[in-house]
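Please read the structure below before turning to the comments.
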């Protein structure tokens, strides 16, 4: 009987490379030919959008928290002044009290509107700069900037007014809301003075560097 010839061993099939691996390898080979400066810039620029988005979110969260605190303090101060009028606190009767009261009537709604805008921008994943194209927002921003000028005067008026109440020992004006509002305005005054100081120190330095 004729012998059966042994079957030749089958050569192993070469594994098919998936398309994803081809794409990755081609991308890798392209990156190898890129200059070092291009590699460096692409590594920086790719996550830049994500970093900006994250920083905008953190700024908005800070603005919302600060806005809530400021709104509550100013509402408390307005309630305190209205209480002084109801009980006819004679030792607190002064033009400063009227100035603070009328200023609070304006600034409390502004705080509330700012809070709504910041919450809306945060939830809608948009930038606050996108609202600058809105004419109504531009008008509101201009109005709030004008009010902030009166706010600077209000800070120092509040500190002087409450200090006077303490000096004459005005018992009918004593309230935790008064103390909180007093400390709040001292912090704002310190912040303004520090900003002015930094500007005065930084301006000569910047002029000196420009001359060089």
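The values are calculated or read from the model by the stated rules, or taken from the named source; none is laboratory data. Just so it is clear, the structure is predicted and the values come from calculations on it, not from any experiment. Quick reminder, even Gly has a Cβ in these numbers, built from the backbone with ideal geometry, and neighbours come from all protein chains shown.
Some values worked out for this structure:
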read-out	value
Considering residues of the range 169-212 that are out of contact with any helix residue (DSSP H, G or I) (no Cβ under 6 Å at 6 or more places or on another chain) and outside any helix (DSSP H, G or I) only, the residue surrounded by the most Cβ atoms within 10 Å (Cβ to Cβ)	174
Residue in the range 82-98 that is surrounded by the fewest Cβ atoms within 10 Å (Cβ to Cβ), counting only those that are outside any helix (DSSP H, G or I) and free of Cβ contacts under 8 Å to residues at least 40 places away in the same chain	88
Residue in the range 136-146 that is closer than 17 Å to residue 73 by Cα and under 24 Å from the mean Cα position of the chain (by Cα) present	no
Verdict on residue 150 being surrounded by fewer than 14 Cβ atoms within 10 Å (Cβ to Cβ), in a helix (DSSP H, G or I) and in contact (Cβ under 8 Å) with a residue 24 or more places away in the chain	no
Residue among 136, 79, 115 that is surrounded by fewer than 15 Cβ atoms within 10 Å (Cβ to Cβ), touching a residue at least 40 places away in the same chain (Cβ under 8 Å), out of contact with any strand residue (DSSP E or B) (no Cβ under 6 Å at 6 or more places or on another chain) and not in a loop (DSSP other than H, G, I, E, B)	79
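Residue-wise test of (1) over 23 Å from residue 85 (Cα atoms); (2) modelled with pLDDT under 95; (3) in contact with a helix residue (DSSP H, G or I) (Cβ under 7 Å, 6 or more places away or on another chain).
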| residue | (1), (2), (3) |
| --- | --- |
| 121 | yes, yes, yes |
| 141 | yes, yes, no |
| 156 | no, no, yes |
| 163 | no, no, no |
